[in-house]
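Here's the structure, in structure tokens; my notes come after.
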Amino acid sequence: MKVIAACEVRGRNRSDSQLKAALSEHLDNPPRRTDRLTLLALLAAAPLKAHMQADSGLYLAATWPARQNMFALLESVCAQQKLPKPFEFVNSVSNAAGFHVAQQLGLQGPNLFIGAGPQVWGHLLDLAGNDLERAQIRQGLVMLVEEDLQDGFSIQALVLEPGGDSLRGRDFASLSATAEVLRLELDAE
């Protein structure tokens with residue numbers, strides 16, 4: 001496998017409205033009524049749209065689901081014994097973010113979401129590599145969304161294709177070393 005494009009977005013202290021505004025710079029019609037995880041994933045995926053083919057697969061990992069949405073869902077269902085709001089329920093499934101990324105980029109290949117753990121890049125590469133080796137896809141978009149309430153967020157994305165040297169790195173820096181990385185900083189002003 002080889003990396004043909006990469007993007008890294010970092011930021012802190014950004015509201016969802018500010019994330020939507022930043023996203024509108026890359027997408028003509030950003031989705032409405034999405035959660036924070038979706039907005040973050042789209043911020044790194046949208047700049048890579050020109051590098052993607054329709055039959056590409058998407059392999060997304062995140063350290064947390066959309067926390068605000070999950071807390072609201074748990075509060076209403078568990079604490080208040082109410083039915084969840086449709087927005088809360090649909091976006092409580094973490095693959096909702098993958099759905100929106102695939103829809104916005106026009107991707108029709110496999111779409112998988114995993115929780116991020118200590119060796120997340122290895123797992124993402126294994127999933128994408130398996131589909132690339134079997135020629136089920138021509139490209140794979142692998143992404144990691146990390147968000148911490150104190151430290152802000154980091155989203156890293158790589159577009160992979162078959163061929164080239166086998167990827168030996170198991171972190172974003174070493175995996176993207178051979179590609180030009182689009183870096184976006186979104187800090188509060």
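Scanning region 22-52 for residues that are farther than 11 Å from residue 101 by Cβ, outside any loop (DSSP other than H, G, I, E, B) and modelled with pLDDT of 90 or more turns up 22, 23, 47, 50, 51. Among the residues making up region 111-135, those that are open to solvent by less than 40 Å² (accessible area, probe 1.4 Å) and touching a residue at least 24 places away in the same chain (Cβ under 8 Å) are 116, 120, 121, 122, 124, 125, 128, 129, 131, 132. The lone criterion from (1) in contact with a strand residue (DSSP E or B) (Cβ under 6 Å, 6 or more places away or on another chain); (2) open to solvent by 60 Å² or more (accessible area, probe 1.4 Å) left unmet by residue 138 is number (1).
Any residue in region 63-74 that is within 26 Å of residue 22 (Cα to Cα), at pLDDT 85 or above and not acidic (Asp, Glu)? Yes. If you go through region 6-21 and pick out every residue that is out of contact with any strand residue (DSSP E or B) (no Cβ under 8 Å at 6 or more places or on another chain) and in a loop (DSSP other than H, G, I, E, B), you end up with 1. Residues in region 2-41 that are open to solvent by less than 50 Å² (accessible area, probe 1.4 Å) and closer than 12 Å to residue 141 by Cα were compared, and the one that is nearest to the chain's Cα centre (by Cα) is 41. Across region 152-166, not a single residue is classified as at negative phi, buried (at least 18 other Cβ atoms within 10 Å of the Cβ) and at pLDDT below 90.
Taking the criterion of being out of contact with any helix residue (DSSP H, G or I) (no Cβ under 9 Å at 6 or more places or on another chain) and either open to solvent by less than 70 Å² (accessible area, probe 1.4 Å) or modelled with pLDDT under 90 (or both), the residues of region 178-188 that qualify are 178, 179, 187.
The values are calculated or read from the model by the stated rules, or taken from the named source; none is laboratory data. Predicted, not measured: the structure shown is a model, and the values here were computed from it. Virtual Cβ from ideal backbone geometry, glycine too; neighbours counted across all protein chains shown. Ligands, DNA and RNA are stripped out before the accessible areas are found, and what is left, the full protein with its side chains, is counted by its heavy atoms. Shrake-Rupley method; radii C 1.70, N 1.55, O 1.52, S 1.80 Å.
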